[in-house]
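A.B. asks: Handing you this structure, nothing more for now.
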Amino acid sequence: MALPLPLSRHLRTVPRVDLLIGAAIIALGTLEAFTVATEYGAAETPELWWIGQALVTGVLVWFRRKAPVAVFILMILIQYAWHRQGYEHCQVWQLFSLLLVFHTVGAELPFRPGLAWAVTGVLVFDSGAVDHRWLPAEEVIFLTVVFGSAYLTGLAVNAYATRARRLAEHAVRLERDRERRAAEAVAEERTRIARELHDVVAHSVSMMVMQAGVLRRRGGGDADALLGIERSGREAVEELRVMLGALRMPLDEAIPQPGLDMLATTVASLASSGLRITLSVTGEPVRLAPGLDLSAYRIAQEALTNAVKHAGESEISVRVAYLDDSVEVEVLDTGGAGSAPELSTGNGLIGMRERATLFGGTFEAGPRAEGGFRVHARLPLSLEVLV
């Protein structure tokens, strides 16, 4: 069974104004206990039990917002106990505390239950149940007016707070909708630009490359010049393809992003957390086009995320191989007690496949025959296919 939290921890969540009001009630009640007790009908001054009543009242005021109904009932019972001691009139701080809890019922509770509790409280006081005597008409009217007014001020505060909260929520929704529409407009424009580049520029350059290649193979001109034209055209097509892919990516990936050179840092970070993970790089690293470098890194990053999530206590190995015409990324885990029966096929896997396909590469992911899982992507360094 959980132990109750210390009072000091509860007080840290109490509004400062309530702490000050409660402290003022305790101080005033203590002061009156030592100075004017006989004026209220006490046998002598000081009347020490008044201090305890003031202390309880002050503490209840501290928590009036957290439990308005409980505090409301307890305050009425405390006032009943006061009058049962033979005191006809309540002290000023007692009346203030009662008005405060009537205000709290209106401010903190929904309308119907708040109204029910306020009316019940007024009837309890008007009937003389608290005072243990029949009250004259003018006193009934006075109590009804002051307690009713305190409740109505709380109701007004509640209505204002509700309206302010709704306006704030409406403003948040409007801002969110504005940002969404702006993002959609940007995405649509980027897609339109990518489509036009593909349909016009990329197609025209591709036709030039094809014609130069046919002419060179037929010996219809300077072979070296035609070969240079063909190579330049293929490089232009490749750069256009990378640019089109970047335009179709989310906005946060269209700006410069990490590449495979950051993979060692990612692996080291995972290894420092206790995972058994290794990285091997074979071949001579070459400078990759920005889009290709980003896609290779994202594929490795997503594969690592899947491996860490599903592999449990197994070993994970990451391999990057720089070949003559391609770069390969492979993430393996050996399986184990915590392994999942199959690799996730959610958006992460789809995204990895799309990144590989974008650059004319291949992608494979699935369970290994010897246990565990394998993610493998091969991305060509130079595209030989036309857009």
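A.B. asks: At a probe radius of 1.4 Å, what is the per-residue accessible area of H103, in Å² to the nearest 10?
C.D. replies: Looks like 50 Å² after rounding.
A.B. asks: Ratio of Rg to Rh for the stretch 57-153, alpha carbon only, Kirkwood?
C.D. replies: 0.94
A.B. asks: Quick one: which residues, 5+ away or cross-chain, put their amide H under 5 Å from the amide H of S314? H built at 1.01 Å from N.
C.D. replies: Close amide H contacts, sequence-distant or interchain: G338.
A.B. asks: A further question follows. Nearest 0.05, what FRET efficiency do R178 and R16 give at R0 = 30 Å with Cβ-Cβ as r?
C.D. replies: Efficiency for this residue pair is about 0.25.
A.B. asks: Using Cα-Cα distances under 8 Å and only pairs 6 or more residues apart, what relative contact order does the stretch 52-109 have, in percent?
C.D. replies: Relative contact order of the stretch 52-109: 45 percent.
A.B. asks: For the stretch 1-138, max minus min Cα coordinate along each principal axis, in Å, sorted largest first?
C.D. replies: Taking the Cα atoms of the stretch 1-138, the three principal extents are 44, 35, 31 Å.
A.B. asks: Could you compute the FRET efficiency for F142 and L48, with r as their C-beta to C-beta distance and R0 at 22 Å, rounded to 0.05?
C.D. replies: That pair, F142 with L48, gives E of 0.10.
A.B. asks: Farthest toward the dipole's positive end in the stretch 27-138, which of L99, P110, W49, given Cβ charges of +1 (Lys, Arg) and -1 (Asp, Glu) about the Cα centre?
C.D. replies: P110
A.B. asks: Distance from the Cα centre of the stretch 64-131 to that of the stretch 12-58, in angstrom?
C.D. replies: The stretch 64-131 and the stretch 12-58 have Cα centres separated by 17 Å.
A.B. asks: When N is the residue count of the stretch 99-171, what does its C-alpha Rg come to as a fraction of 2.2 N^0.38 Å?
C.D. replies: In units of the 2.2 N^0.38 Å rule of thumb, it is 1.33.
A.B. asks: Assuming 0.36 nm per residue, please report the length gained on full extension of the stretch W134 to T38 beyond their Cα-Cα distance.
C.D. replies: 32.1 nm
A.B. asks: State the extension gain, in nm to one decimal, for the chain segment bounded by V157 and E169, taking 0.36 nm per residue of separation less the distance between their alpha-carbons.
C.D. replies: Value of the extension gain: 2.5 nm.
A.B. asks: Here's a follow-up. Excluding F34 itself, what net charge comes from residues whose Cβ is under 13 Å from its Cβ, given Lys and Arg +1 and Asp and Glu -1?
C.D. replies: Net of charged neighbours comes to -4.
A.B. asks: Excluding R176 itself, what net charge comes from residues whose Cβ is under 13 Å from its Cβ, given Lys and Arg +1 and Asp and Glu -1?
C.D. replies: -1
A.B. asks: Take the solvent-accessible surface of the protein heavy atoms, probe 1.4 Å, and return the percent of it on the stretch 22-102 that carbon and sulfur atoms account for.
C.D. replies: In the stretch 22-102, the share of accessible area belonging to carbon and sulfur is 68 percent.
A.B. asks: Running Debye on the stretch 46-93 with equal point scatterers at the Cα sites and no solvent, what base-10 log of I(q)/I(0) appears at q = 0.29 Å⁻¹?
C.D. replies: -1.19
The values are calculated or read from the model by the stated rules, or taken from the named source; none is laboratory data. Bear in mind the structure is a predicted one, so any value in this text is a computation, not a measurement. For neighbour counting, all protein chains shown are included, and Cβ atoms are generated from backbone atoms with ideal geometry for every residue, glycine included. The accessibility values were calculated without ligands, DNA or RNA, using every heavy atom of the protein model including side chains. Shrake-Rupley method; radii C 1.70, N 1.55, O 1.52, S 1.80 Å.
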